[in-house]
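Below: one structure, written as structure tokens.
The values are calculated or read from the model by the stated rules, or taken from the named source; none is laboratory data. In this text, all values refer to a predicted model and were calculated from it rather than measured experimentally. Because the Cβ atoms are built from the backbone with ideal geometry, glycine has one as well, and the counts that use them run over all protein chains shown. Heavy atoms of the whole protein, side chains included, go into the accessibility calculation; ligands, DNA and RNA do not. Shrake-Rupley method; radii C 1.70, N 1.55, O 1.52, S 1.80 Å.
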Number of protein chains: 2
Amino acid sequence: MASATIRDVARQADVSVASVSRALNGHSNVHPETRARVVEAAKALGYVPHAGARSLSLARNHAIGVVLPDLHGEFFSEIVRGIDRETTARGYHLLLSNMHADAELAAQAMRSMRGRVDGLIVMAPQLDPAALNEALPKGTPAVLVNTSDGGERQAMRVDNRAGMETIVRHLLFTGRRSLVHIAGPAGNIDARERREAFTATLAEHAPNVPVRIVEGNFREEAGARATAALLDAGEPVDAIVAANDMMALGAMNALKDAGVVVPGEVAVTGFDDIPLARYMGLTTVQVRSADLGARAVARLIGALEGARDAGVEFVTPELIVRSTSDRQSAA
Amino acid sequence: MASATIRDVARQADVSVASVSRALNGHSNVHPETRARVVEAAKALGYVPHAGARSLSLARNHAIGVVLPDLHGEFFSEIVRGIDRETTARGYHLLLSNMHADAELAAQAMRSMRGRVDGLIVMAPQLDPAALNEALPKGTPAVLVNTSDGGERQAMRVDNRAGMETIVRHLLFTGRRSLVHIAGPAGNIDARERREAFTATLAEHAPNVPVRIVEGNFREEAGARATAALLDAGEPVDAIVAANDMMALGAMNALKDAGVVVPGEVAVTGFDDIPLARYMGLTTVQVRSADLGARAVARLIGALEGARDAGVEFVTPELIVRSTSDRQSAA
DNA sequence: CGGGTCCGTGTAACCGGTTACCTACCTTGT
DNA sequence: ACAAGGTAGGTAACCGGTTACACGGACCCG
């Protein structure tokens, strides 16, 4: 019942295990006839090499691990899609580890991958650099994605400042003067940078527009709640600048419920360009998330195979104007 | 530089490797003081057990593999999300293997997981049972999801007939009389069942309504193209019954482009209830995809841990009426 | 014809854990 | 005082591969 091992094949083909290994791995110093006998024996027994044993002796897994906080939400799904695409293309396996709220759990997850993977891709936007460096296994190469980096490590980051600046300037250019930013969760690096860029861009390009920010957490309900609260308070608003697309969608729902016309009375913008955004006509900045993931894999595997390559690589998002903000009516 | 091994820990604590193993795995016959010395030594060296070596000697990986045809599309994303949730909750690891168009590649992928995983979850709706049984590794337990099964295997299936029947009856009940089905790709088991159920339901409940079917492939563009072609041909249509949500969305776009009012002139329905469907107000049947994946994992791990459990388990989808079909105006 | 090469193959050590089995010692009962 | 039983811990085999090294035979050369 148990699967055939290399020794079974050796016995069947009447050679040693060494020859079987050499024959099946395409080494050159095997007599053609011997190789044929081995191949035939392997086929007859339905032999499949045991990847675990192979990894142990080669000290190489041909697998990479992905640690991420939450598979929920299209943003992470997209990144994982890109990671998967590139991993498969390069003949590696992908080990997924998900939902690690706090640093201790994340460390746990990363440790449990030792001996299973050759390298890690870590997404932990909510972890501070110290905790992260503590948690990262010493011997394992890692690429950080959207994560405050400890400096020297390989990392991929979204240029949040550039993205937010294009959004705010677009809104100002189309005549909006009462902008409100719905921020992401405190402690999240992307949220923090977007928030700072919102403030900075207004200060630079429209010093007379007040900086108004309400708190959110990247989830749809938060966008809806924050927007409803704004409307209830009767505050003047002509543009809602959400820190991500999901909150922007929540905002759109709240505005619709309140009978506010988008984009006529209020413009809405998001961040990320998740697939949903296209369907909902949401103006946003496009972060090519799948490419971000794919690029992280490419760099990681490059490093595994000996490339010298460190430091942060930024991807610059691009403004996508859709129907939740009008393109005309400059100030 | 290389990570510490159990022998390093043994030397450091001045005991044998057996005691280290016993101490760290919580066996009972270890003197408390010895255990303390071992734990301290392990911490001092930053020792992390090598999962690969552990798996080899235990013949147990605590990991399951997922083979699926295409991570693209929200339907599969949802299933993977559910799989991941349950896998993590039970303390297992998840190995992902994606995009296997033909039987040979799929077999390849499954083979390459031997020695890495304890069991498999296989989604291959496009494979015929013979090829599948050929490809499935002999020794490895597997749960099939939305896949023509070879009979005795564990499997999860969507009750496509029941789902399609509720949709067609809903449309008939709300007065539609010119239904067109946009079918999924030939060879896909779900597509075939939905198509057959469309035909059967009309034959049973509205024998005078002609059965009209156009070909599609589950992709958005196919839905759009098929719909545009129907409109161009000037055929009478008051309901488009797509075989999945993505094609329904394509149909909606084509209708909008043509200035046809939904649901006033034409109703549109989908199948799956992907997250997008809620945003787009699409009437569909809800397949709790995430739960489907989670349930598959639960059964697989159950079987790994000795449970006797075989055969097909169906999940019954539920009709969700939204704004692309009206709920009033019975015939 | 002896010595050096090259080729094909087998033997056994090794990767890093787990654990069956054995030993040494310490109790405990009679 | 001694046999029996229990406890703690060491030795080495094993999981299933890979590969350094050794070895024997064929071939070539001077």
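Here A:ARG295 meets each of (1) in contact with a helix residue (DSSP H, G or I) (Cβ under 7 Å, 6 or more places away or on another chain); (2) touching a residue at least 60 places away in the same chain (Cβ under 8 Å) with one exception, condition (1).
On the given criteria, is B:LEU68 within 13 Å of another protein chain (Cβ to nearest Cβ) and either within 16 Å of DNA strand D (Cβ to nearest atom) or in contact with an Asp or Glu (Cβ under 8 Å, 6 or more places away or on another chain) (or both)? No. Among the numbered conditions (1) of a type in the set (Val, Ile, Thr); (2) at pLDDT below 95; (3) within 13 Å of B:VAL241 (Cβ to Cβ), the only one that B:ILE167 does not meet is (2).
Here's the yes/no breakdown for (1) near DNA strand D (Cβ under 9 Å from one of its atoms); (2) closer than 30 Å to B:ARG111 by Cβ; (3) at pLDDT below 95; (4) touching a His at 6+ places or on another chain (Cβ under 9 Å):
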| residue | (1), (2), (3), (4) |
| --- | --- |
| B:HIS50 | no, yes, no, no |
| B:ALA53 | yes, yes, no, no |
| B:LEU58 | yes, yes, no, no |
| B:HIS62 | no, yes, no, yes |
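Residue count for segment B:101-118 under the criterion of being surrounded by 15 or more Cβ atoms within 10 Å (Cβ to Cβ), more than 14 Å from every other protein chain (Cβ to nearest Cβ) and either of a type outside the set (A, V, I, L, M, F, W, C) or in contact with a strand residue (DSSP E or B) (Cβ under 7 Å, 6 or more places away or on another chain) (or both): the result is 0. Residue pairs whose Cβ atoms lie under 6 Å apart, sitting 6 or more positions apart in sequence or on different chains, and linking a residue in segment A:35-59 that is at the interface with chain B (Cβ under 7 Å from one of its Cβ atoms) to a partner that is of a type in the set (A, V, I, L, M, F, W, C) and near DNA strand D (Cβ under 10 Å from one of its atoms), are A:GLY52/B:LEU56; A:ALA53/B:LEU56; A:LEU56/B:ALA53; A:LEU56/B:LEU56.
One line per residue, one yes/no per condition, for (1) open to solvent by 40 Å² or more (accessible area, probe 1.4 Å); (2) among the hydroxyl-bearing types (Ser, Thr, Tyr); (3) assigned to a helix (DSSP H, G or I):
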position	(1), (2), (3)
A:VAL143	no, no, no
A:THR147	no, yes, no
A:MET156	no, no, no
A:ARG161	yes, no, yes
A:MET164	no, no, yes
A:LEU172	no, no, yes
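Go through segment A:60-71 and give me each residue that's touching a helix residue (DSSP H, G or I) at 6+ places or on another chain (Cβ under 7 Å), in contact (Cβ under 8 Å) with a residue 40 or more places away in the chain and away from DNA strand C (no atom under 15 Å from the Cβ).
Of segment A:60-71, the ones touching a helix residue (DSSP H, G or I) at 6+ places or on another chain (Cβ under 7 Å) are A:61, A:64, A:66-68, A:70-71.
Then drop every residue that is not in contact (Cβ under 8 Å) with a residue 40 or more places away in the chain, which leaves A:61, A:64, A:66-68.
If the condition is that a residue be touching a helix residue (DSSP H, G or I) at 6+ places or on another chain (Cβ under 7 Å), in contact (Cβ under 8 Å) with a residue 40 or more places away in the chain and away from DNA strand C (no atom under 15 Å from the Cβ), then A:ILE64, A:VAL66, A:VAL67, A:LEU68 are the ones that fit.
Test of understanding: among B:GLY306, B:GLY293, which residue is open to solvent by less than 50 Å² (accessible area, probe 1.4 Å) and not β-branched (Val, Ile, Thr)? Break it down into steps so the answer makes sense when it comes.
Numbers: B:GLY306 fails: open to solvent by less than 50 Å² (accessible area, probe 1.4 Å).
Residue meeting the stated conditions: B:GLY293.
May I ask you to list the residues in segment B:70-89 that are in a loop (DSSP other than H, G, I, E, B) and closer than 20 Å to B:GLN286 by Cα? Explain how you work it out, then say what you get.
Start the filter on segment B:70-89 by keeping residues that are in a loop (DSSP other than H, G, I, E, B), which leaves B:70-73.
Within segment B:70-89, B:LEU71, B:HIS72, B:GLY73 qualify.
The combined condition, being small (Gly, Ala, Ser) and closer than 25 Å to B:MET280 by Cα, is fulfilled by A:ALA239.
Within segment B:204-229, the set of residues being under 23 Å from B:ARG157 (Cβ atoms) and not polar (S, T, N, Q) comprises B:GLU204, B:ILE213, B:GLY216, B:PHE218, B:ARG219. For segment A:103-117, check the following and say yes or no: at least one residue is of a type in the set (Lys, Arg) and either within 11 Å of DNA strand D (Cβ to nearest atom) or assigned to a loop (DSSP other than H, G, I, E, B) (or both). Checked against the condition, which is being of a type in the set (Lys, Arg) and either within 11 Å of DNA strand D (Cβ to nearest atom) or assigned to a loop (DSSP other than H, G, I, E, B) (or both), segment A:103-117 yields at least one hit. Of all residues in segment A:12-46, those being away from DNA strand C (no atom under 11 Å from the Cβ) and open to solvent by 50 Å² or more (accessible area, probe 1.4 Å) number 10. Of the residues making up segment B:24-39, one or more are at pLDDT 95 or above, under 41 Å from the mean Cα position of the chain (by Cα) and part of a helix (DSSP H, G or I).
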